[in-house]
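Could you have a look at this structure, given as structure tokens, before my questions?
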């Protein structure tokens, strides 16, 4: 089987900004050789392509020989990365420190030990200020290498100080690794199954988090250690449905950034994640005013000094802006407004979706489907749910809970559209799907039992009684620690009340939203 052609070079070029491309051309044009001309020719040709087509490039450009093409692409790819690194060097503190460490090695190899020591001092100061522990260890290693070449009467004191600094840096790295290892393990569990559904799930989550992790003296931790610990706590408490405690630690993490504004540019990813964590808790707690205020922080990032908006950062800001704008509208029950916002974005949404990871894509599909369902557009709701239902096998392994809910909401959508034959079919296929899952919410089981009873022979009175019975069974679950979370996925109670009272689900949810949010509800 022939090797599939890589389009990594095409993706890299397309990810570059205008200023990055201009810089690359300026640097590359300094060397006017035949090889360099081919590099620039290939760069321009790929940049003009809407879809990468290697055969078309070779057929239209005789200067590019097929036998040389693979090497030409590889070298161009490397050159672009070198150019990007140089372009962003002053904006990437860790890259600047690494370059200084490279300079230390060059000076050391030339025997210029005093210059080497001077560069190390400057380098160390930067690493300590930004708390780059791994780079600090590398700097300390070079300081030890220099000791024998820069002897003085305080040498023993210098050695003892160096040994202690290395030990402190190693201890802190080990602490952070301990926190992040547990976070990664918990996150893998969450991405597989979703939020805990039972005491069995909670016991498993507790087994992944060692007991003493909750007894750490936070006052003894550095900023980086605190951020890692709080991220672990937020993930654990949200995962186990303790929203209030999770939100408390999410706010602590965000306050670290707001009390130390100078660390934001170097830790922008973490800052954005901290805002997202706070928003998730405020959304679940219906803290509308606080939610809106926190959401405004995303806009402020764009005007912050020394902040570099890379493609990765822009995509994260866009993703969280979309998701939390939908969440804001869900809090208000304004599904019609949500559809209007979505329609304005539809021209760009498909491109945006291709940039998302599997989990983010799954959540976005579900959010959009729920917007349409809330606005009583069941046809389009079903269309977006089918993107989840028809996922490939690999995507089925991400958030099993959302896959189950997508099938349930799709069933109800077909019921609303009057597709009774399809309802019968989907009930059977959904049951088969759910039987493969060994840990379901009672919520899900009750709804499936209800949907299974539905038949074309039920008269209006029997149907109304079925709606009332399901509501009575589900209501007590809203107070259950493990069962209350599914109501965040799909407000089945409001849908049932709409059927019973002959109102739209949007009207019911908006009425509840006004009561929950109170004076904060925007008129």
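Each reported figure results from applying straightforward, stated rules to the coordinates on display, with no laboratory input. Note that the coordinates shown come from a computational prediction; the quantities given were computed from them, not determined experimentally. No Cβ is skipped: glycine too gets one built from the backbone with ideal geometry, and neighbour counts run over all protein chains shown.
What is the range 19-106's relative contact order, in percent, from Cα pairs under 8 angstrom and six or more apart in sequence?
Reported as a whole number, the value is 33 percent.
In addition: Would you order 398, 51 from fewest to most other beta-carbon atoms within 10 Å of each residue's own beta-carbon?
Placing the least packed residue first, the sequence is 51, 398.
Computed FRET efficiency, Cβ-Cβ of residue 208 and residue 312, R0 30 Å: what is it to the nearest 0.05?
Efficiency computed from Cβ-Cβ geometry: 0.55.
For residue 63 and residue 156 in one chain, what is 0.36 nm times their gap in residues minus the Cα-Cα distance, to one decimal in nm?
Full extension from residue 63 to residue 156 adds 27.0 nm.
Determine one quarter of the surface area of the Cα convex hull of the range 163-209, which equals its mean projected area, and express it in nm² to one decimal.
Dividing the Cα hull surface by four gives the mean projection, 3.5 nm².
Further question: If you find the alpha carbon centre of the range 237-307 and of the range 172-213, how far apart are they in angstrom?
So the separation of the two Cα centres works out to 21 Å.
Sort 370-380, 289-299 by packing, meaning the average of other beta carbons within 10 Å per residue, with the highest value first.
Put in order of decreasing packing, that is 370-380, 289-299.
Take 19, 198 and order them by how many other Cβ atoms sit within 10 Å, fewest up front.
Ranking 19, 198 by Cβ neighbours within 10 Å, fewest first, gives 19, 198.
Can you pull the Rg over Rh of the chain, Cα-only, Kirkwood?
Across the chain, the Cα-based Rg/Rh ratio is 1.04.
So, one more: Just need the relative contact order of the range 267-416 here, percent rounded to a whole number, with Cα pairs under 8 Å and 6+ apart.
In percent, rounded to a whole number, it is 18.
Let me ask something else. How big is the gap, in Å, between the Cα center of the range 314-343 and the Cα center of the range 99-120?
Cα centres, the range 314-343 to the range 99-120: 52 Å.
Something else about it: If packing is taken as the mean number of other Cβ atoms within 10 Å per residue, what is the order of 273-283, 105-115, highest first?
Sorting 273-283, 105-115 by mean packing, highest first, produces 273-283, 105-115.
Next question, about the same structure. Compute the separation of the alpha-carbon centres of the range 357-390 and the range 467-523 and state it in Å as a whole number.
Here the two parts' Cα centres lie 20 Å apart.
Separate question: If packing is taken as the average number of other Cβ atoms within 10 Å across a peptide's residues, how do 232-242, 208-218 rank, most packed first?
232-242, 208-218
Sticking with this one: What order do you get for 412, 264 when you list them from fewest to most C-beta neighbours inside 10 Å?
The most exposed by this proxy come first: 264, 412.
For helix 492-501, report the angle its Cα long axis makes with the longest principal axis of the Cα atoms of the chain; keep it between 0 and 90° and round to the nearest 10°.
The helix 492-501 is inclined about 30 degrees to the chain.
If you don't mind, another one. Expressed as cubic angstrom per residue, what is the convex hull volume of the alpha carbon set of the range 445-494?
Dividing the Cα hull volume of the range 445-494 by its residue count gives 75 Å³.
Taking 8 Å as the Cα distance limit and 6 or more residues as the minimum spacing, I'd like the relative contact order of the chain as a percentage.
Relative contact order comes out at 10 percent.
If you wrap a convex hull around the C-alpha atoms of the range 8-87 and split its volume per residue, what is the figure in Å³?
86 Å³
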